[in-house]
Amino acid sequence: MKIHVDQLGYRPEDAKVAIVEGIGPFEGTFSLVNESDSTKVELSLILGSSDFYSGDVAHRLDFSHIKTPGSYFIEYYDCNPPTEPGQETYFRSDSFEISETVFRKAFEDLVHMFYFMRCGCALTAKYAGVYHHAACHTGKTLRYTDNALLPPMTGGWHDAGDYGRYTTPGAVAAAHLLYTFELFSDKCPTLVIPESGNGVPDILNECRYELEWLLKMQAPDGSAYHKLTTERFAGFVMPEEDTDQMILYPISSMATADLAAVAALASRIYRRYDAAFAARLSAAALSAREFLYAHPDLIDFRNPPGNYTGGYWDKDDRDERMWMYAELYRLSGNARDLAELTKLAGTDINKTALGWGQVGGLAGLSVLFAPSDTFPDELFHIFADAFRKRADELMEIGSQNGYRLAMPLEGFVWGSNMVVMDCAMTLLVASFLTGNPAYASAAEENVHYLLGRNPLNRSYITGQGAHAFRNPHNRPTASDDVEDPFPGLVSGGPSARVYDEPAKAAIPEGTAPMRCHLDDVGSFSTNEIAIYWNSITALVFAYFA
Ligand code: 9MR
Ligand code: ZN
């Protein structure tokens, strides 16, 4: 028997559920124990049934009525004497807090993480502490298409556990953070980064580091190169020791549209802090759009022979274009952008997804949170209906799920935690649209899942909770001399199909999806980190912080 809780805890006014995993019978007593004064409140078990996602028989303890801030845990005394030697009769959960600010530090760490991902500059001890390292990836750039040797294209964030820099996921990660700022500016943390104190909110200082690099990824004709990486992934070395040739791979229409969209979004946000930067962003957005006007067909990207870094292959660029038209219309009010947006929104493209490959939901955020006279009502309703419909499906799934996870089974792919957070954000948008707090409450259940209320009793954010994962597939973590990974890293999460050797060896075929995770540095398909997994998590956590 195990008692799973959110290892950070719960906010006083919110629903509070712990999950009890086990077959029973449960003839003993469950209590919520206040750690400061050892007072106990008895809790009654709500029996559940067997749950396919986890393979568990999962029950619930609901202590939503307890609202007093403090440290707590849940315990269980079995009233029957042990029937065999060594049999346990006492169980307890991890400790957790009830506090209004229980998620604030996690949110800060999730945003601070991007500083540690910076490429092309030294991370000094002043800002990076024990995780300091020398400047990396400062060599010249070889352009794939013509073998031209170009000046170094430094800057931006490393994508993930590898040291590649890729335009589409980079643009999406920056966009998540920019929308975080737009929607929750009052919650965005002050960080300790080199730019701190310059009068610009730190989340924007951090985003600018990526945006400056993204601008370098634009070709003179307005198109955007798909990625800048070495031919193959580096070994497990520190970034400054990865000195292989950086190659600028060909353009794609996805990269071009994403760059246009994020540049337009950024231009509107930075305008009041730095007009010149906003103008550069706006010019980049407009020229990328011109390029795509002239090239209406998909410009695909596949790794050329001999290249083995991430592909970020995406066979459909309509969602990227839809997002671009939404942001460009907000930037320039151009009638053609509205017409193109309306046309695409009328098709069956996914309008709620917020990941690197499907960005229809980013178009949704752009439309739904615009000043009310920006877009025609009809268009607003197309996106609003899509979010509401999807949120209703997710609510239903969450209410059936043993661990209250509002995510369909298909979500257990490589990077499932991104899907967990994507679903949470869909629910938050529905809550905003309808004023119905039940959606936000369902979204929070996904936060609890991420923070340890899951069958593995594992917090999927480093440094947060009693049993946070510790061995990310992340090159600096594996090659520095520091025991702990830096805080605020989100693990990719369980994947129903695993692709790496350690996970294949450790996770038997047929294991329930929620249990297909291995906290091992070699498990790139379940335990890597990535900027766009962190950024979507930051967006959701901002709401609860
Ligand atoms: O996040 C990506 C995931 O959705 C894909 O299934 C997977 C395989 O193509 O690739 C993931 O992205 C990786 C990228 O290709 C290279 N850098 C590390 C990324 C995270 O694992
Ligand atoms: Zn680097």
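Values in this text are rule-based calculations from the coordinates and carry no lab data. A quick note: this is a predicted structure, and the numbers were derived from the prediction, not measured. With ideal geometry, Cβ positions are generated from the backbone for all residues, glycine too; neighbour counts draw on all protein chains shown.
Can you compute 3J(HN,Hα) from phi for each residue in region 165-176, using the Karplus curve 6.51 cos²θ - 1.76 cosθ + 1.60 with θ = phi - 60°, rounded to whole Hz and x for Gly and Pro?
These are the phi-based 3J(HN,Hα) values: 10, 10, 5, 5, x, x, 5, 5, 5, 4, 5, 3 Hz.
If r is the Cβ-Cβ distance from Ala294 to Lys504 and R0 is 51 Å, what FRET efficiency results, to the nearest 0.05?
0.65
Amide H to amide H, which residues 5 or more places from Gly120 or on other chains are under 5 Å from it, using H placed in the peptide plane?
Amide H to amide H, under 5 Å and 5 or more residues apart or across chains, Gly120 pairs with Cys136, Gly155.
By counting other Cβ atoms within 10 Å of each Cβ, how are Met418, Met1 ranked from fewest to most?
By the 10 Å Cβ count, ascending: Met1, Met418.
Amide H neighbours of Ser252 under 5 Å, counting only residues 5+ apart in sequence or on other chains, H built in-plane at 1.01 Å?
Placed amide hydrogens put Ala224, His226 under 5 Å from Ser252.
Sort Cys207, Cys79, Cys188 by Cβ crowding within 10 Å, fewest neighbours at the top.
Exposure proxy ranking, most exposed first: Cys79, Cys188, Cys207.
Angle, helix 318-332 long axis vs. longest principal axis of the chain, Cα atoms, 0 to 90°, nearest 10?
Result, in degrees: 70.
What spacing in nm lies between the two simple spin-label points modelled at Ser185 and Lys343, each 7 Å away from Cα in the Cβ direction?
About 3.5 nm separates the two model spin labels.
Give the order of Val367, Val521, Val262 when sorted by the count of other beta carbons within 10 angstrom, beginning with the fewest.
Lowest count first: Val521, Val367, Val262.
Once you list every other residue whose beta carbon is under 13 Å from the beta carbon of Pro189, what net charge do they have if Lys and Arg are +1 and Asp and Glu are -1?
Result for the neighbourhood of Pro189: -2.
Determine ³J(HN,Hα), in whole Hz, for all residues of region 189-200 in sequence, where each value follows from phi through the Karplus function 6.51 cos²θ - 1.76 cosθ + 1.60 and θ = phi - 60°; x replaces Gly and Pro.
Per-residue couplings from phi come out as x, 7, 10, 10, 10, x, 7, 3, x, 8, x, 10 Hz.
Around Tyr163, which amide H atoms from residues at least 5 apart in sequence, or from another chain, sit under 5 Å from its own amide H, with H modelled in the peptide plane?
The list, which skips near neighbours in sequence, is Ala234.
Tell me, what is the FRET efficiency for Glu410 and Ala370 to the nearest 0.05, using R0 = 41 angstrom and their Cβ-Cβ distance as r?
The pair Glu410/Ala370 has a calculated efficiency of 0.85.
How long is the gain from Asn198 to Tyr90 if the chain were fully straight, where each residue apart is worth 0.36 nm and the alpha carbon distance is subtracted?
Separation in residues times 0.36 nm, less the Cα-Cα distance, equals 33.5 nm.
Go ahead and run the numbers for FRET between Thr243 and Ala122, Cβ-Cβ distance against an R0 of 22 Å, rounding to 0.05.
For Thr243 and Ala122, the calculated efficiency is 0.90.
Restricting to DSSP H runs of at least four residues, report the calculated mean residue ellipticity at 222 nm for the chain, -39500 (n - 2.57) per run over all residues, nearest 500 deg cm²/dmol.
-12000 deg cm²/dmol
In region 366-406, whose amide N lies under 17 Å from the spot 7 Å out along Cα-to-Cβ of Ser44? List them in ranges.
In region 366-406, the label zone of Ser44 (backbone N under 17 Å from the point 7 Å along Cα→Cβ) covers no residue.
Restricting the count to DSSP beta bridges whose residues both fall in the chain, what percent are antiparallel, rounded to a multiple of 5?
85 percent
Net charge within 15 Å of Lys40 by Cβ-Cβ distance, Lys/Arg positive one each and Asp/Glu negative one each, not counting Lys40 itself?
Cβ neighbours under 15 Å give a net charge of -3.
Past the 18 Å Cα-Cα mark, which pairs from Lys351/Lys389; Lys227/Lys315; Lys105/Lys187; Lys16/Lys40; Lys2/Lys504?
Lys2/Lys504
Quote to one decimal, in nm, the extra length available between Ala276 and Ala335 on full extension: 0.36 nm per residue of separation minus the C-alpha distance between them.
18.7 nm
Among the DSSP beta bridges whose two residues both lie in region 2-98, what percent are antiparallel, rounded to the nearest 5?
Looking only at bridges with both residues in region 2-98, the antiparallel portion is about 95 percent.
Scanning the chain for chymotrypsin sites (Phe, Trp or Tyr not before Pro) in DSSP loops with at most 12 other Cβ atoms within 10 Å, what's the longest stretch left with none?
Between the exposed loop sites, the longest stretch runs 1-307.
For region 90-132, list residues with backbone N below 11 Å from a point placed 7 Å from the Cα of Thr29 toward its Cβ?
The answer is none.
Which whole-Hz couplings ³J(HN,Hα) result when phi for each residue of region 526-542 is put into the Karplus expression 6.51 cos²θ - 1.76 cosθ + 1.60, θ = phi - 60°, listed in order with x for Gly and Pro?
For region 526-542, the Karplus curve yields 10, 9, 7, 10, 7, 4, 7, 7, 5, 5, 5, 5, 4, 4, 5, 5, 4 Hz.
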